[in-house]
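Asker: Below are the structure tokens for one structure; questions will follow.
The values are calculated or read from the model by the stated rules, or taken from the named source; none is laboratory data. On a predicted model such as this, the values are computed, not experimentally measured, just so you know. Note: ideal-geometry Cβ built from the backbone for every residue, glycine included; neighbour counts use all protein chains shown. In case anyone asks, the SASA skips ligands and DNA or RNA and just uses the protein heavy atoms, side chains included. Shrake-Rupley method; radii C 1.70, N 1.55, O 1.52, S 1.80 Å.
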Amino acid sequence: MNYFLIDALNLAYRAHNANYELKTGSGLFSGMFYGFIRTIFALKKKYRGYKFEVVWDRTPEHKKALQQDYKAGRSGLSDTVFGQVADIQCFLENSGVDQYYMPSQEADDVIATLTEGYLSDPGTTIIYSNDKDLLQLVKNGKVVVYKPKVAANPEKFYDEEAVIEQFGVSPDKLACYRSFDGDPSDNITGINRVPRKIIASMVNEYLTIDKIYENLPGMKLTDFQRGSMLEGKDRVATNLKIVALNKNLDAIVCTKGKFDKNRLVELFKKYDIKSIKPENIVDIFSSSLNVKYSDPREVVKVESFSLFD
């Protein structure tokens, strides 16, 4: 089986940002809903041999306990706009798409657990998201991360070589690297003024945070860099607990998809959608839901396209 895992809120926010002015004739905001279904429909037409699954975020309580301002400051959406999420979930449920979440866990940890479970299948998994943490899961011939186009940044498909090219470390070392480097978008503070090339070199040679600090006295660093490393030791350990993906969650909730064209008709009428027909949705998701490949492929070939220009 081949799987196509979608980071749901990641796509929903992009859909809203690309279509934020879109409203129905009655004045109902519709950009998030329209952009989401347009994207997943187009993706399914491209990747018919993949079973589509959608994963939703919940507030990561354990990460908030480690760092209170984790992801704080991100601009939220009004209740009027965010209310479209419930209709997106209804659309997915009635289009035959399974949806997953786990209380108090982010989507990336749920995706990590699902992906880990699919490694024993003979097919491949594509993860659709621009969340950098998910690059930890990349594995040649098995797992590809499809990063959508965002603004002027083009879409990109990540295999192991692409991860190494961008970060200087392989996917299995990325959590350690990002613990030192930090991530301003998530309010994760890294080590001050230690170049990324030096961080990558340390991680590649010593592999773990403990080993890096054990060998810190003999490293070729400036006094400032060494002092910065020592000052940030506890912070780096905390960062690792936040950025390292959990591949072993055991209480994931699944809402199984079904096919109800009448419910889709109601949703499409509510949002004035005429360019996509409910019967087309049911047809494509039902006819190619469980296509299987008889042999694993060492190289994943994917087609590039973008819906958000």
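Asker: Using the heavy atoms of the protein chains and a 1.4 angstrom probe, tell me the accessible area per residue for the range 1-59 in square angstrom.
Answerer: Numbers: 2050 Å² over 59 residues.
Here the residues of the range 1-59 average 35 Å² of exposed surface.
Asker: Sort the range 1-146 into rounded, prolate or oblate with this rule: let a ≥ b ≥ c be the square roots of the eigenvalues of the Cα gyration tensor; rounded if a/c is under 1.5, and if a/c is not under 1.5, prolate when a/b is larger than b/c, oblate otherwise. Don't skip to the end; give the middle numbers.
Answerer: Numbers: a/c = 2.08, a/b = 1.21, b/c = 1.72.
Judged from the Cα gyration tensor, the range 1-146 comes out oblate (a/c at least 1.5, b/c at or above a/b).
Asker: Can you list, largest first and rounded to whole Å, the semi-axes you get for the range 77-193 by taking the square root of 5 times each eigenvalue of its Cα gyration tensor? Spell out each step's value before the answer.
Answerer: Numbers: eigenvalues 140, 86, 41 Å².
After scaling each eigenvalue by five and taking roots: 26, 21, 14 Å.
Asker: Which entry in (i) 0.97; (ii) 1.00; (iii) 1.07 matches Rg/Rh (Cα atoms, Kirkwood Rh) derived from the coordinates of this structure?
Answerer: (ii)
Asker: Subtracting the Cα-Cα distance from 0.36 nm times the residue separation, let me have the gained length for Lys23 to Leu221 in nm, one decimal. Write down the numbers at each step before the final one.
Answerer: Details: separation 198, 0.36 × 198 = 71.28 nm, distance 5.65 nm.
Gain on extension, Lys23 to Leu221, equals 65.6 nm.
Asker: Can you pull the accessible area of Phe82 for me, 1.4 Å probe, Å² to the nearest 10?
Answerer: We get 80 Å² for Phe82.
Asker: A further question follows. Considering only DSSP beta bridges where both residues belong to the chain, give the percentage that are antiparallel (nearest 5).
Answerer: Given both bridge residues lie in the chain, the antiparallel proportion sits at roughly 40 percent.
Asker: Additional query: For the chain, what is the mean residue ellipticity at 222 nm derived from helices alone (per DSSP H run of n ≥ 4: -39500 (n - 2.57); sum divided by total residues; nearest 500 deg cm²/dmol)?
Answerer: Details: 14 runs with 132 residues, N = 309.
The per-residue figure over the chain is -12500 deg cm²/dmol.
Asker: Find the all-direction average of the projected area of the Cα convex hull for the range 105-144, expressing the result in square nanometres with one decimal place. Write out the running numbers ahead of the final one.
Answerer: Details: hull surface 10.6 nm².
The directionally averaged projection comes out at 2.6 nm².
Asker: Need the list of aspartates and glutamates near Lys256 for cross-linking: C-alpha distance under 13 angstrom, and skip anything on the same chain fewer than eight residues off.
Answerer: Glu53, Glu93, Asp98
Asker: Kindly work out what percent of the DSSP beta bridges joining two residues of the range 1-143 are antiparallel, to the nearest 5. Mind dumping the intermediate values first?
Answerer: Numbers: 2 of 16 bridges.
DSSP beta bridges in the range 1-143 are roughly 10 percent antiparallel.
Asker: Now for a separate question. Over the range 97-237, average the accessible area per residue using a 1.4 Å probe and give it in Å², no decimals.
Answerer: Values: 6250 Å² over 141 residues.
On a per-residue basis, 44 Å².
Asker: Now a separate question. Give me the percent of the accessible area of the range 1-98 that comes from carbon and sulfur atoms, probe 1.4 Å, all protein chains in place.
Answerer: On the way: 1860 of 3930 Å².
After summing per-atom areas, the C and S share lands at 47 percent.
Asker: Something else now. Out of Asp79, Asp210, Asp87, any idea which swings most in a Gaussian network model of the chain, alpha carbons joined below 10 Å?
Answerer: Asp79
Asker: Cβ under 11 Å from Lys139's Cβ, Lys139 left aside: what net charge do those residues give with Lys, Arg +1 and Asp, Glu -1? Intermediate results must be reported in sequence, preceding the final value.
Answerer: Numbers: positive: Lys142; negative: Glu116, Asp159, Glu160, Asp172.
Overall, the nearby charge balance is -3.
Asker: Continuing with this model, one more query. Rounded to the nearest percent, how much of the accessible area of the range 126-189 (1.4 Å probe, protein heavy atoms only) is carbon and sulfur?
Answerer: 49
Asker: Shifting gears a bit: Would you mind checking the pairs Lys51/Lys261; Lys173/Lys211; Lys64/Lys149; Lys149/Lys274; Lys64/Lys132 and listing those with alpha carbons more than 21 angstrom apart?
Answerer: Details: Lys51/Lys261 19 Å; Lys173/Lys211 13 Å; Lys64/Lys149 29 Å; Lys149/Lys274 25 Å; Lys64/Lys132 19 Å.
Pairs exceeding the cut-off: Lys64/Lys149; Lys149/Lys274.
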